[in-house]
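S.K.: Let me begin by handing over the structure; questions about it come next.
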Amino acid sequence: MKYLFYFLVVLFSIQMQAQDFLQLGINQFNANDLVAATSSLKKVLRVTPKNATALEYLGDIKFKQKEWGEAADYFKKALCTDKSNAVYHFKYGGALGMKAKQNKLKAIFILDDIKEHLQIAADLDATYIDPRMVMVELYMELPKSFGGGVDKAKSYADEIAAIDSQKGKDAYQLLEVR
């Protein structure tokens with residue numbers, strides 16, 4: 001019984017330390033100290049490998065560093081912890097989209113995933129504007145042969161306008177610019 005008590009104390013201590021590193025990593029991220037934040041957040045993952053918050057922040061760091069593939073990997077891992085999280089779908093789709101912009105050949109193979117995760121994010125949260133705005137841009141940039149076009153983009157701009165009239169105006173401007 002005594003050993004069980006010590007085991008539980010050690011386990012509790014490790015969990016508390018992970019929480020401390022998580023908060024430290026978030027604070028460092030917010031202070032734009034990405035190197036220190038990465039170190040702190042990776043310490044969290046050593047104790048709790050499926051910590052969605054740590055995974056998301058590590059993805060955000062890689063996204064800021066324009067390391068799109070690594071960002072997508074972290075967001076995908078976060079998504080595996082909670083498939084009903086609209087933000088994780090949006091960030092994963094966005095990171096894939098940025099990765100696709102780097103390499104047009106690879107873009108062909110991941111385009112469906114990009115569209116799918118952006119759409120899931122929009123479906124999961126009826127008021128989430130960001131994935132809809134990205135889809136306006138995406139469908140304006142895509143050639144018709146890959147499903148692009150003004151009609152599809154306009155449908156997302158209409159959804160945005162129904163949520164927020166000012167953001168809707170911004171979306172409609174994207175339609176006019178191209």
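The values are calculated or read from the model by the stated rules, or taken from the named source; none is laboratory data. None of the values given here were measured: they were computed from a predicted structure. Cβ sites come from the backbone with ideal geometry, for glycine too, and all protein chains shown count toward neighbours. Side chains included, ligands, DNA and RNA excluded: accessible areas come from the protein's heavy atoms. Shrake-Rupley method; radii C 1.70, N 1.55, O 1.52, S 1.80 Å.
S.K.: Looking only at the range 145-163, which residues are among the acidic types (D, E) and under 22 Å from the mean Cα position of the chain (by Cα)?
M.R.: Matches in the range 145-163: E159 only.
S.K.: Are there any pairs with C-beta distances below 8 angstrom linking a residue in the range 116-144 that is in contact (Cβ under 8 Å) with a residue 12 or more places away in the chain to a residue that is of a type in the set (S, T, Y) and assigned to a loop (DSSP other than H, G, I, E, B), with the two at least 6 apart or on different chains, and if so which?
M.R.: As it stands, the answer is A121/Y128; A122/Y128; L124/S84, since those pairs meet every condition given.
S.K.: Tally time: how many residues in the range 133-168 are among the hydrophobic types (A, V, I, L, M, F, W, C) and not in a helix (DSSP H, G or I)?
M.R.: The total comes to 1.
S.K.: Being free of Cβ contacts under 8 Å to residues at least 24 places away in the same chain and of a type in the set (S, T, Y) is the filter; apply it to the range 37-67 and report the residue that is farthest from Q102 (Cα to Cα).
M.R.: S40
S.K.: Moving to a separate point now. Starting from the range 19-36, take each residue that is at negative phi and list its partners that are open to solvent by 80 Å² or more (accessible area, probe 1.4 Å) and not β-branched (V, I, T), counting only C-beta distances under 7 angstrom and pairs at least six apart or across chains.
M.R.: The qualifying pairs are L34/K64.
S.K.: I would also like to ask the following. Only one of these is within 30 Å of A54 (Cβ to Cβ), modelled with pLDDT under 90 and either hydroxyl-bearing (S, T, Y) or surrounded by 13 or more Cβ atoms within 10 Å (Cβ to Cβ) (or both): A107, A122, A78, A100. Name it.
M.R.: Working: A122 fails: modelled with pLDDT under 90; A78 fails: modelled with pLDDT under 90; A100 fails: modelled with pLDDT under 90.
It is A107.
S.K.: Look at I114 and say whether it is closer than 18 Å to V134 by Cα, assigned to a helix (DSSP H, G or I) and more than 13 Å from the chain's Cα centre (by Cα).
M.R.: no
S.K.: Could I ask something else about it? For G148, which of the numbered conditions (1) buried (at least 21 other Cβ atoms within 10 Å of the Cβ); (2) within 21 Å of L175 (Cβ to Cβ) fails to hold?
M.R.: (1)
S.K.: Right, here's the next one. Does N30 satisfy the condition of being open to solvent by 30 Å² or more (accessible area, probe 1.4 Å) and within 25 Å of E137 (Cα to Cα)? Show your work before the answer.
M.R.: Numbers: open to solvent by 30 Å² or more (accessible area, probe 1.4 Å): yes; within 25 Å of E137 (Cα to Cα): no.
Against the criterion (open to solvent by 30 Å² or more (accessible area, probe 1.4 Å) and within 25 Å of E137 (Cα to Cα)), N30 does not qualify.
S.K.: I'd like to verify a number: residues in the range 136-167 that are closer than 19 Å to A95 by Cβ and at pLDDT 95 or above, how many?
M.R.: 1
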